[in-house]
Amino acid sequence: MSSLRASVRPVVQAAKAASYRSRAPANAYATLREIESRLKSIKNIEKITNTMKIVASTKLSRAQRAMFDSRAYGETSDEIFKKAETVPATEGNKLIIVSSSDKGLCGGIHSQISKAVRARLALEPDADLVILGDKAKIQLARTYASNIVLSFNQIGKEIPTFAEAQSIADQIFKLGKKYDSIEIFYNRFKSGISFEPTSVPAFTEESLQTSPNFSAYDIEEDLAQDLTEFALANAIFWALAEGHACEQSARRSAMDNASKNAGDMIGRYSILYNRTRQAVITNELVDIITGASSLQ
Amino acid sequence: MSALRLATRSVLRSRQLAAPWRGSFRGYAEVPSDRIRLNLTLPHQSIYKDVDVVQVNLPATTGDLGVLANHVPTVEQLRPGVIDVVEESGATKQFFVSGGFATVQPGSLLSINAIEAFPVEDFSPEAIRAQLAEAQKNATSGSEIDQVEAKIELEVLEALAAVAK
């Protein structure tokens, strides 16, 4: 008697469950397909971010070497201004040069430098902007579009050459506007995992000639202008080289994090996929068995 | 155990001291009185960095000048020509430069920023002749900018041809 009831109960329950499942067996299959395609795409993403990380590390080693050479070059160029104790002018036309690049996926590089420039522009809203790199241009054009006088792209693909820095300096001089103080904003390479937005002044002819220690030097009249123009190109070159190294290191850590996250997601989705797959199989089995036992 | 920790800590500290700051920790040790400290740097390479040498001859736009210890501080623009460096060992190295700036700082420090500099031996006369012909052609045809660029190229190549053997 109890065995009869026991046998009836599972059938009733199965029938109830079957009627519920018959309403939505397709759902379970669709979910399984969805999970499968997500899993495949995450695996692809992990491969891509992994490759990008490796590319960034190789580029980083080269970029770092170029950066050290450019530091030696830039510091040599700075010597005279340091020894002459030149100070930048505080009034007059101001030019801000922002060194960034065109490509993204490099962590906070572009947003940090844009933040630093915005903070400066809040204090000096009339400064002119020359932007090297599309990413910074996009960020700064949102609020300071009227300040931008010149912008360059195709920056950051390879290690910067002096020819690039020279042509940028040349274009700035071709603008024809006389600037009383020039400042270059760039990301300074502190270590393989950290960088810092910094600014350095590029001195003008007048600030050099009015330096406290300038009289110590035996220098011809018209050389001061050539010297400061040359020094501007040197400073731009240095900023570009350091920015490039910072970008590669930031991209490497960003892609490293992305690969790790993708790996975590792959693990989670694999488990979910297997569980769903087993659930689907179990449901099918229950359907079959219910159907078979109801026939009996 | 404590000795090990002491050793690692002193190593860390000495590494921190050696780390360069942006202010260019240029060994403030005095330059020997008969030497000049030379920094000859290019954008992609430092040929000499804080090296004490005896004498440096520079091709300046105002004329050739030789820089010895205790030279008066001066700034010179370089024309295409040869820089001679007489090192402490007595050997003389020659580099052909296309241009740049040389500054003698107070304290017997010579800073040279050159765009390109190569040892004179590295040039091949045939290549110089071929480029000279090309530049001479361009100097008389093409747009104004091209002509000016070709004239500058000619200036460098002629100086180079005079030096390379």
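The values are calculated or read from the model by the stated rules, or taken from the named source; none is laboratory data. Computed from a prediction, not measured in an experiment: that's the story for all the values here. Methodologically, a virtual Cβ is constructed for each residue, glycine included, from the backbone with ideal geometry; neighbour enumeration extends over all protein chains shown. Accessible surface areas use protein heavy atoms only, side chains included; no ligands, DNA or RNA. Shrake-Rupley method; radii C 1.70, N 1.55, O 1.52, S 1.80 Å.
Of all the residues that make up segment A:229-239, how many are open to solvent by 10 Å² or more (accessible area, probe 1.4 Å) and either away from chain B (no Cβ under 11 Å) or hydrophobic (A, V, I, L, M, F, W, C) (or both)?
From segment A:229-239, those open to solvent by 10 Å² or more (accessible area, probe 1.4 Å) are A:229-231, A:235, A:238; that's our starting set.
Subsequent filtering for residues that are either away from chain B (no Cβ under 11 Å) or hydrophobic (A, V, I, L, M, F, W, C) (or both) retains A:230-231, A:235, A:238.
So the answer is 4.
Can you tell me how many residues within segment A:146-175 are part of a loop (DSSP other than H, G, I, E, B) and not hydrophobic (A, V, I, L, M, F, W, C)?
7
Out of A:Arg65, A:Arg71, which single residue is open to solvent by 80 Å² or more (accessible area, probe 1.4 Å) and either within 30 Å of B:Ile112 (Cα to Cα) or touching a Pro at 6+ places or on another chain (Cβ under 6 Å) (or both)? Explain how you work it out, then say what you get.
Values: A:Arg71 fails: open to solvent by 80 Å² or more (accessible area, probe 1.4 Å).
Sole residue among the options that is open to solvent by 80 Å² or more (accessible area, probe 1.4 Å) and either within 30 Å of B:Ile112 (Cα to Cα) or touching a Pro at 6+ places or on another chain (Cβ under 6 Å) (or both): A:Arg65.
Restricting the search to segment A:124-146, which residues are open to solvent by 10 Å² or more (accessible area, probe 1.4 Å) and among the hydrophobic types (A, V, I, L, M, F, W, C)? Reasoning before the result, please.
Kept after step one, since they are open to solvent by 10 Å² or more (accessible area, probe 1.4 Å), are these residues of segment A:124-146: A:124-126, A:128, A:134-135, A:137-139, A:141-146.
Once the filter is applied, which keeps residues that are open to solvent by 10 Å² or more (accessible area, probe 1.4 Å) and among the hydrophobic types (A, V, I, L, M, F, W, C), segment A:124-146 yields A:Ile138, A:Ala141, A:Ala145.
Within segment A:46-81, how many residues are hydroxyl-bearing (Ser, Thr, Tyr) and within 14 Å of another protein chain (Cβ to nearest Cβ)? Give the steps one after another, and end with the answer.
Quick first cut of segment A:46-81, residues hydroxyl-bearing (Ser, Thr, Tyr) only: A:49, A:51, A:57-58, A:61, A:70, A:73, A:76-77.
Subset that is within 14 Å of another protein chain (Cβ to nearest Cβ): A:70, A:73, A:76-77.
Counting residues in segment A:46-81 that are hydroxyl-bearing (Ser, Thr, Tyr) and within 14 Å of another protein chain (Cβ to nearest Cβ) gives 4.
For segment A:88-139, which positions are part of a strand (DSSP E or B), touching a residue at least 40 places away in the same chain (Cβ under 8 Å) and not hydroxyl-bearing (Ser, Thr, Tyr)?
So in segment A:88-139, the residues part of a strand (DSSP E or B) come out as A:94-99, A:128-132.
In the following step, the residues that additionally are touching a residue at least 40 places away in the same chain (Cβ under 8 Å) were identified as A:94-99, A:128, A:130, A:132.
Passing the criteria: A:Lys94, A:Leu95, A:Ile96, A:Ile97, A:Val98, A:Asp128, A:Val130, A:Leu132.
When the residues of segment B:98-130 are narrowed to those that are within 14 Å of chain A (Cβ to nearest Cβ) and out of contact with any strand residue (DSSP E or B) (no Cβ under 6 Å at 6 or more places or on another chain), which ends up nearest to A:Asp69 (Cα to Cα)? Please lay out each step first, then the result.
Taking segment B:98-130 first, the residues within 14 Å of chain A (Cβ to nearest Cβ) are B:98-117.
Filter once more, so that each one left must be out of contact with any strand residue (DSSP E or B) (no Cβ under 6 Å at 6 or more places or on another chain): B:98, B:105-107, B:116.
Working: B:Ser98: 19, B:Gln105: 21, B:Pro106: 24, B:Gly107: 24, B:Glu116: 14 Å.
Here the residue is B:Glu116.
Rundown of residues vs (1) away from every other protein chain (no Cβ under 11 Å); (2) touching a strand residue (DSSP E or B) at 6+ places or on another chain (Cβ under 9 Å); (3) open to solvent by less than 40 Å² (accessible area, probe 1.4 Å); (4) in a strand (DSSP E or B), yes/no style:
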site: B:Leu38; (1), (2), (3), (4): no, yes, yes, yes
site: B:Gln55; (1), (2), (3), (4): yes, yes, no, yes
site: B:Ala69; (1), (2), (3), (4): yes, yes, yes, no
site: B:Asp84; (1), (2), (3), (4): yes, yes, yes, yes
site: B:Gly90; (1), (2), (3), (4): yes, yes, no, no
site: B:Phe96; (1), (2), (3), (4): yes, yes, yes, yes
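Looking at segment A:82-101 only, could you name the residues that are within 14 Å of another protein chain (Cβ to nearest Cβ) and open to solvent by less than 10 Å² (accessible area, probe 1.4 Å)? Can you show your working first?
Of the residues in segment A:82-101, the ones within 14 Å of another protein chain (Cβ to nearest Cβ) are A:82-86.
Matches in segment A:82-101: A:Ala84 only.
So how many residues does segment B:109-138 have that are under 30 Å from B:Leu68 (Cβ atoms) and open to solvent by 60 Å² or more (accessible area, probe 1.4 Å)?
Kept after step one, since they are under 30 Å from B:Leu68 (Cβ atoms), are these residues of segment B:109-138: B:109-123.
After this cut, where a residue has to be open to solvent by 60 Å² or more (accessible area, probe 1.4 Å) as well, the list is B:116, B:118, B:121-122.
Matching residues across segment B:109-138 total 4.
Among the candidates A:Ile54, A:Ile42, A:Ile80, A:Ile48, single out the residue that is assigned to a helix (DSSP H, G or I), closer than 30 Å to B:Asn39 by Cβ and of a type in the set (A, V, I, L, M).
Numbers: A:Ile54 fails: closer than 30 Å to B:Asn39 by Cβ; A:Ile42 fails: closer than 30 Å to B:Asn39 by Cβ; A:Ile48 fails: closer than 30 Å to B:Asn39 by Cβ.
A:Ile80 is the lone residue from the list that is assigned to a helix (DSSP H, G or I), closer than 30 Å to B:Asn39 by Cβ and of a type in the set (A, V, I, L, M).
Within segment A:117-170, which residues are polar (S, T, N, Q) and out of contact with any Ser or Thr (no Cβ under 8 Å at 6 or more places or on another chain)? If you could, list the steps in order and put the result at the bottom.
Filtering segment A:117-170 for residues polar (S, T, N, Q) gives A:139, A:143, A:146-147, A:151, A:153-154, A:161, A:166-167.
Of everything in segment A:117-170, those that are polar (S, T, N, Q) and out of contact with any Ser or Thr (no Cβ under 8 Å at 6 or more places or on another chain) turn out to be A:Thr143, A:Ser146, A:Asn147, A:Ser151, A:Asn153, A:Gln154, A:Thr161, A:Gln166, A:Ser167.
Which one of A:Ser294, A:Ser253 is assigned to a helix (DSSP H, G or I), open to solvent by less than 70 Å² (accessible area, probe 1.4 Å) and either aromatic (Phe, Trp, Tyr) or in contact (Cβ under 8 Å) with a residue 40 or more places away in the chain (or both)?
Result of the check over A:Ser294, A:Ser253: A:Ser253.
Got a number for residues in segment A:204-222 being within 22 Å of A:Ser167 (Cβ to Cβ) and either within 13 Å of chain B (Cβ to nearest Cβ) or over 36 Å from the mean Cα position of the chain (by Cα) (or both)? I'd like the intermediate steps shown before the answer.
Within segment A:204-222, the first condition is being within 22 Å of A:Ser167 (Cβ to Cβ), and the residues that meet it are A:204-205.
Still in the list and also either within 13 Å of chain B (Cβ to nearest Cβ) or over 36 Å from the mean Cα position of the chain (by Cα) (or both): A:205.
Summing the residues that are within 22 Å of A:Ser167 (Cβ to Cβ) and either within 13 Å of chain B (Cβ to nearest Cβ) or over 36 Å from the mean Cα position of the chain (by Cα) (or both) in segment A:204-222 gives 1.
Can you tell me which residue in segment A:149-190 is nearest to the other protein chains (Cβ to nearest Cβ), limited to those that are small (Gly, Ala, Ser) and free of Cβ contacts under 8 Å to residues at least 24 places away in the same chain?
Initially, segment A:149-190 is screened for residues small (Gly, Ala, Ser), giving A:151, A:156, A:163, A:165, A:167, A:169, A:176, A:181.
Those left that are additionally free of Cβ contacts under 8 Å to residues at least 24 places away in the same chain: A:151, A:163, A:167, A:176.
Numbers: A:Ser151: 23, A:Ala163: 9, A:Ser167: 12, A:Gly176: 17 Å.
It comes out as A:Ala163.
Is it the case that B:Ser141 is part of a loop (DSSP other than H, G, I, E, B), open to solvent by 50 Å² or more (accessible area, probe 1.4 Å) and under 22 Å from B:Ile47 (Cβ atoms)? Walk me through how you get there before you give the answer.
On the way: part of a loop (DSSP other than H, G, I, E, B): yes; open to solvent by 50 Å² or more (accessible area, probe 1.4 Å): yes; under 22 Å from B:Ile47 (Cβ atoms): no.
Considered against the rule, which asks whether it is part of a loop (DSSP other than H, G, I, E, B), open to solvent by 50 Å² or more (accessible area, probe 1.4 Å) and under 22 Å from B:Ile47 (Cβ atoms), B:Ser141 comes out as no.
What are the residues in segment A:206-246 that are of a type outside the set (Gly, Ala, Ser), modelled with pLDDT under 95 and farther than 20 Å from A:Thr76 by Cβ, if any?
Residues satisfying the conditions are A:Glu206, A:Gln209, A:Thr210, A:Pro212, A:Glu220, A:Glu221, A:Asp222.
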